[in-house]
Each structure stands twice: as structure tokens, then as C-alpha cells.
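Note sheet for the following structure.
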Amino acid sequence: MLHRKKKAGWKRQEVDIGGLLKTILLRANEFVPSESGSILLDDPLLKFDQFQNEGRLYFIACFGKGSSNIVGTSLPDNVGIVGQTYTSGKPYISKDVASDTHFYSAIDKKTKFISRSIICVPIEIEGAKIGVIELINRKERINYDRKDLTLLKIFAGYTSTLIQNTLDAAMFKKLSGLDNLTGLHNDRFFFEAIEKELSKAVERGKDVSLIFFDLDHFKKVNDTYGHLVGSRVLKEVGGLMEEVFNKANTILTRYGGDEFVIILPEADLRIAGEYAEAIRRKIKNSVFIKEADSIKEKALNIKGIITASVGVASLKGNIMLRKNITRMGTALIGQADKAMYQAKELGKNKVCFAEGKV
């Protein structure tokens, strides 16, 4: 488990983690010229999440052909040559990936790139592994050698302090408001956001709506396929939400477990109801786990099981104005939640609207 020491009085500030690591990666490429490269980091917060059973490595910075297709994506931390480097904590040179049993070809398929050789070095902070830096296909000569490895090891050690600082200053701040599994906002961010949006709505005389939904029959998926599959379903539901609300002014949140909530600033009950019906249909008609997540898993094509019970409430339609914004937020959440449970009681897979004002 990765524990980071906090400096007394450390003040967090906005830092472009992706941009900084891209600069670091390109500098590494000056040491060891290559056709492509990546910096992958584990998510330190995942290691403190008791519900997270699978570690992952995230592509934070990349260069080379097709690299834009993988920035922000992830893979299990025990997969591929980077996974071997990360789990073992030892540098790795693969002079011919075609004959290397650790090589994971799925990334080449995403980038439409052909890897021939790879050099990897673990990145550590205070003796704890936090990620991997990799370079692919040596330029100027046929292959990587021990000199390249030594240079990359020195470089990784030199940059670990910079990475620690940027993680402390930027990534922790960013991820503290995100749900580790789905990438949506988490409940901590939601409670702050709902008060901000209500304050703006009251000040401007505008409306604000909430969509609150819970997955029907989710327990059946966990019982049948296991909790790792259940976690993948939740992640895919997050993706469906991003599709439905792609161009809308919304705040998408995983509220907890299999409950989700969407804040719709300046939207009335009619507009919120249309979006609520859209996400209900999207979930009902979706096939989950259509692709294997790794070489150890298989596609399950789960359909006809997962649906959603959806509740909708709005400030103007369901809440009496109060001086205390926090109480207004609590009331709005309660109204949307109550409507969601009404949808459950009426047979599930329905959209219900909050009734009356509180």
C-alpha cells in the first residue's frame, strides 16, 4: 500500500500533470531515442479503496503513432511487459516482443502501431512503486542495450520527486472529486456542487433539477458473475451516462454502490424528465461486458437483466425556498430519492417525478 508523506503546510495548487509528464517523457526520449513511449501510473487512491479488487495502470502521458488513442485509458497492473515491470519492480528489456510471453498486443491494436522492442523501468517514490516509464522501438540502432537501461533508470530516479510533487499538487486534488471506478464525480464533489448550483439558481431565479437512479437487479449480476463483473457493469453504466449527457450542461455522479445522480443546472422538470427517460432506455437496451477486459477474462454479453428505476425532482417544482442552501439541497436530494423508490415500488424500470413541495 502506497503511503505518501505530506509536508507540513503543503499547499495544493493546479498543475498540468499530463503536460508535465509528457515533457518528462520527451526528455527521456532524448536520452534514449525511440519511436514511441508512455508513462503509466497507478492510481494511489485505489489502494485505499476497500471495494477495489483490481489494480490498474493508467496511461498518463504518451508519444508516438496512435498515442492519442490510449492516453487516459488503463490496463490491469499485472498485464503485459509494463505489468511485469510494475509488479516485479525490476527494469525490463524485451529485444523481440514477438517471442516475449509477457507482451500484450492489445495496445498495438488500439494505436495501430507495431512494437518490436521495449525497454521499461519502474518509477518509485520512497521505495514504493507508483508506475512505469516505457520506450518502444529504439532509433539509430537495432535494439536497446544495458547502457539505455542505465540511462532510463537514472532518469526515472531523477524524475520521481517531480512526479510526487505533481501527484500531490494536482492528481490527488483532481481524483479527490472523482469516483475511482467509473471516472464520474463522487459524492463528495456532488454535495459541494449541488449547493453551488442551488445558490446560483436562487440568485438568478433559475431552476435546477436532479435525476436520481438505482440499477435494478444489480445484485443478481454480482451473485451470478461475481463482484469484479459487477464493478465493470457500474463502469459501463458511467460510460452510458456520458453518452446520453454528452453535450448537456450536467454534473454526472456515482452517488454510491449502484446509485447515480445527475445535476442539471437551469433545467426544469420537463427537460430533466426527457433526459431521465433517455438514460432509462439506454440502460435497458444495453448489452454489458461485450468485450473481454484482459486476456484472463471473456465477453459475457449480459442483456435483459439490468434496468434502472429513475426519480426526478426540481428546485421550482418540488422545493420551497429557504435561506439555508444546505437544507434546500438535502430536500431536493430527498425528493429525487423518494421518486426513485416510487419507481421501484411500481415495478422498476420506470421514471417517476417527485410530487408536491417540501
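Annotations
- Subset tally (residues that are modelled with pLDDT under 90 and hydroxyl-bearing (Ser, Thr, Tyr)) for segment 34-57: 0
- Residue within segment 329-337 that is modelled with pLDDT of 95 or more and either over 29 Å from the mean Cα position of the chain (by Cα) or over 29 Å from Arg188 (Cβ atoms) (or both) present: yes
- Residue among Val244, Val221, Val261 that alone is touching a residue at least 24 places away in the same chain (Cβ under 8 Å) and over 26 Å from Lys196 (Cβ atoms): Val221
- Each residue in segment 275-293 was checked for being within 16 Å of Glu236 (Cβ to Cβ), acidic (Asp, Glu) and assigned to a helix (DSSP H, G or I), and 0 pass.
- Contacts under 6 angstrom Cβ, first residue in segment 309-338 being more than 23 Å from His217 (Cα to Cα), partner among the aliphatic types (A, V, I, L, M) and surrounded by fewer than 17 Cβ atoms within 10 Å (Cβ to Cβ), 6 or more apart: Ala331/Val358
- Residue in segment 56-65 that is surrounded by fewer than 21 Cβ atoms within 10 Å (Cβ to Cβ) and more than 22 Å from Gly18 (Cβ to Cβ) present: no
- Yes/no for Ala299 being within 30 Å of Val79 (Cβ to Cβ) and among the small types (Gly, Ala, Ser): yes
- Matching strands (runs of 3 or more DSSP E) fully within segment 80-167 where at least 1 residues are without any contact (Cβ under 8 Å) to a residue 40 or more places away in the chain and closer than 21 Å to Leu26 by Cα: 92-94, 118-125
- Exclusive hit being hydrophobic (A, V, I, L, M, F, W, C), surrounded by fewer than 18 Cβ atoms within 10 Å (Cβ to Cβ) and within 28 Å of the chain's Cα centre (by Cα), set Ala292, Ala308: Ala292
- Qualifying residue in segment 238-252 (condition: surrounded by 14 or more Cβ atoms within 10 Å (Cβ to Cβ), hydroxyl-bearing (Ser, Thr, Tyr) and in contact with a His (Cβ under 7 Å, 6 or more places away or on another chain)): no
- The condition of being closer than 15 Å to Ile263 by Cα and either in a loop (DSSP other than H, G, I, E, B) or in contact with a Cys (Cβ under 9 Å, 6 or more places away or on another chain) (or both) holds for only one of Gly329, Gly311, Gly304, Gly347, that being Gly311.
- Test for Ser199: is it at pLDDT 85 or above, of a type in the set (S, T, N, Q), under 30 Å from Met320 (Cα atoms) and surrounded by fewer than 21 Cβ atoms within 10 Å (Cβ to Cβ): yes
- Residue within segment 224-238 that is in contact (Cβ under 8 Å) with a residue 12 or more places away in the chain, more than 23 Å from the chain's Cα centre (by Cα) and farther than 17 Å from Ile333 by Cα present: no
The values are calculated or read from the model by the stated rules, or taken from the named source; none is laboratory data. In this text, all values refer to a predicted model and were calculated from it rather than measured experimentally. All Cβ positions, glycine included, derive from the backbone under ideal geometry; neighbour counts span all protein chains shown.
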